[in-house]
Structure formats: structure tokens, C-alpha cells
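One structure is given here, and the rest of the page talks about it.
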Amino acid sequence: MARSVNVTVTGAAGQIGYALLFRIASGQLLGQDTKVRLRLLEIPQAVKAAEGTAMELDDCAFPLLEGIDITDDAKTAFDGVNVALLVGARPRTKGMERGDLLEANGGIFKPQGEAINAGAADDVRVLVVGNPANTNALIAQQHAPDVPAERFTAMTRLDENRAYSQLASKLRVPVTEIKRLVIWGNHSATQYPDLSHTVVGDRNALELVDDQDWVENTFIPTVAKRGAAIIEARGASSAASAANAAIDHIHDWVNGTAEGQWASMAVPSDGSYGVPEGLISSFPVTCKDGKYEIVQGLTISEFSRGKIAASVAELAEEREAVRSLGLI
Ligand SMILES: NC(=O)c1ccc[n+]([C@@H]2O[C@H](COP(=O)([O-])OP(=O)(O)OC[C@H]3O[C@@H](n4cnc5c(N)ncnc54)[C@H](O)[C@@H]3O)[C@@H](O)[C@H]2O)c1
Ligand SMILES: O=C(O)C[C@H](O)C(=O)O
């Protein structure tokens, strides 16, 4: 008999929610052997819109979808949750400083962390998508002391997917030829997309590219600023590609990474590669039996070390900012 999993999606009436829910319900998140019960969390003003999306989900008659609950109460939304996708967040609006944004999001991720702590299932896995994703994940995690810290993760898979695509186009190879492309650090413009360990077929990507100027001045900034480029072009931030990356992140975590392949996940640092313990920073990981492990023993060049350190310094600043606001 198919197992049944409770999946909670916050910000369910938003753009990413709309691109995500149908894919979860069709089995792309957890596989065709897993039934899904959806819990949609929204703010009161958006509950009606979430109900509209639920009507459309009903109208798809998905065989794996067992039910949909819609609520504006975090405790109800996270009761018994196995997979929590924290998408809803307060976007930056005109005149808002970074501190204001962190404070507004603290008001969202603190109670959600508390609700996860109070009611989540023992095997709960949390992915934070809402920005600033790494620090929002840290806030939620700090308010869920009874949940193992490593269950709180943030999304850098969209950055990874963007980087695969840029490299494939530069080398004119299919993305399937490429493996082990790593995003380090924060999901922000300081992130470091790293080709040092990437293989294309059986060749090293940096050797194949053979153009450090392209790596430093085209590849890295294109990937790191892609979010802003999408906003500029669409007039709204990436939605379907973000939903796609969330599916990839959870799918790999639950079902495992392919043999010889890595995934980028922002996870609580255990001190690996000099990243201060506890910061939720992106690393290369492998996943097996529902658990991830940070890939160990990589040789880090001086260039890479500087890039990783810069992004990690930004994460440490964000942690200090939320500390000084009393959010953690
Ligand atoms: N990590 C990534 O790679 C990545 C990529 C793209 C977007 N994002 C971020 O994802 C977030 C969502 O993007 P979107 O395009 O769907 O935004 P959106 O504005 O379309 O939707 C956000 C939804 O969240 C809801 N919401 C706000 N506060 C909430 C709360 N306390 N509880 C539940 N729901 C709440 C809103 O009502 C809204 O429906 C943004 O923060 C965006 O910056 C992250
Ligand atoms: O960059 C943004 O603000 C949106 C999002 O995080 C993205 O990477 O597309």
C-alpha cells in the first residue's frame, strides 16, 4: 500500500505556490508510490485565493492526492507535518531596509518554527524558500529546539540549476553530461557557484572551459545575479523555476542523489570547510536513506576560499542582525 505524507506549503496562494502545488499533488515531489495530504497556510486575506487553487487541484483528480486543508493558523498547518515547504515571506518593498525585512520575516518564521516544534512528525524535513532564505531557516530552526537542527534547510538548488544551464550552454553539451557543480554560501549575490570539482563527461569543467576570465566575470555574476535579471525581465521574481528547484531539493533529500552526483543544499554547518558552526550555508551534499551528508575532503583553491569566506561573512552578518533584533 502507498504510504501517505503530510506536506505543508506556506504562501500557498503566491506565485511559487501556484507553480508548486500541482507538481506535488501529481507525485513529482515524493514519487509515484507516495500519497500526499496537502496543508496550505496563508495569511487571512489570501485564504480565499488558496481555496481557489484547492478547487483547481480537485479538478485535476490527482490519484495520489488524499486531501487538502487550508488554514491561516500555523499550529494547524504544521500539525503532523512530514515535509514543510516554507515559501511565504515578506518581500522587500520600497523604502524598506534590510533590517526591516529581517524583522518582518522574523515575525513569520519565529511562530512557524514554534509551530513545527510543537506539532511536526518525528521525521519532519523543512525547506525554506522565502527570502532571505538561509537566515529565515535559521530563525525557524532556533525556535524549534526539539527538532534535530539538521532538518532545517534553505534552497540554493535554483542557483545550482541556473549554473548547470549556463555551463552547458558555454560548452555546448547537454546538462546531463555535467556533474558535481556546487553552490557555496548564501542564496544572494555573494553566493559562489564553484566549477572546481565539476566534471563534464570524464573531464574537469575548469580545464574544459579554460577561460578564468569567463568564470570570474561572466559565469559567477550571471548565476549570482540571475534572480535580479528575472525580476527585471518578468516584472516578478522567478516562480516556476523556484518551484522546480524546491521539488528537486526535497526529491533528492528523500529519495537520494544519483550515484556519483552531488546536490547543493543550504544546511546547518558542522564547521566543515571553515564555515562557522550553525550558520545555514550552502554545501555540496550527497543524500541516501532520507539523510544528507556534506561532501568531505575537497581541496579548496585560494580563489574558492576567498569566495566562500565572503558569502559566509554575509551570513554571519545576517545572523548578528537577527540576534540584535532579538529574533533568535
Ligand atoms: N530561494 C530561492 O531560490 C527563491 C527563488 C525565488 C523566490 N524566492 C522567494 O520566495 C518567496 C515567495 O515568492 P513568491 O513569488 O511566491 O511570492 P508571492 O508574493 O507571489 O507569494 C507569497 C505568498 O506568501 C504569503 N504569505 C505572506 N506571509 C505569510 C505567512 N505568515 N504565512 C503564510 N503565507 C504568507 C502571501 O500572502 C503570498 O500569497 C519570496 O520571498 C521570494 O523572494 C526564493
Ligand atoms: O533574487 C530574488 O530576489 C528572487 C529569488 O531569490 C531568485 O533567486 O530568483
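Odds and ends about this structure:
- Fully extended contour minus Cα-Cα distance, from residue 309 to residue 255, at 0.36 nm per residue: 16.3 nm
- Sulfur and carbon atoms: percent of accessible area, the chain [1.4 Å]: 48 percent
- Couplings 3J(HN,Hα) for the stretch 207-213, derived from phi with the Karplus relation 6.51 cos²θ - 1.76 cosθ + 1.60 (θ = phi - 60°), are 5, 5, 5, 6, 7, 4, 4 Hz, where x marks Gly and Pro.
- Within the full protein context, the accessible area of residue 151 is estimated at about 50 Å² for a probe radius of 1.4 Å.
- For the stretch 184-256: rounded, prolate or oblate by the Cα gyration tensor [a/c cutoff 1.5]: oblate
- Calculated [θ] (222 nm, deg cm²/dmol) that DSSP helices of n ≥ 4 give over the chain, each run adding -39,500 (n - 2.57): -12500 deg cm²/dmol
- Across the stretch 42-59, rounded Karplus estimates of 3J(HN,Hα) from the backbone phi angles (6.51 cos²θ - 1.76 cosθ + 1.60, θ = phi - 60°) give 9, 6, x, 5, 10, 4, 4, 5, 5, 5, x, 5, 5, 4, 5, 4, 4, 6 Hz, Gly and Pro being marked x.
- If R0 is taken as 41 Å, the Cβ-Cβ distance between residue 296 and residue 72 corresponds to a FRET efficiency of 0.40.
- For residue 128, the amide hydrogen comes within under 5 Å of the amide hydrogens of 86, 153, 154, 155, counting only partners 5 or more places away or on other chains and with H modelled in the peptide plane.
- Protection-proxy order for peptides 253-264, 211-222, each taking the mean of Cβ atoms within 10 Å per residue, highest first: 253-264, 211-222
- Accessible area of the stretch 110-207 divided out per residue, in Å², using a probe of 1.4 angstrom: 36 Å²
- Added length on full extension, which subtracts the Cα-Cα distance from 0.36 nm per residue, residue 26 to residue 173: 49.9 nm
- Pair residue 165, residue 212: separation of 7 Å Cα→Cβ label points (nm): 3.0 nm
- Once the Cβ-Cβ distance of residue 97 and residue 2 is raised to the sixth power relative to R0 = 41 Å, the FRET efficiency obtained is 0.25.
The values are calculated or read from the model by the stated rules, or taken from the named source; none is laboratory data. Just so we're clear, the structure is a prediction, and the values are computed from it rather than from any experiment. Glycine also receives a Cβ, built like all others from the backbone with ideal geometry; neighbour counts cover every protein chain displayed. Surface accessibility is based on the protein's heavy atoms, side chains included, excluding ligands, DNA and RNA. Shrake-Rupley method; radii C 1.70, N 1.55, O 1.52, S 1.80 Å.
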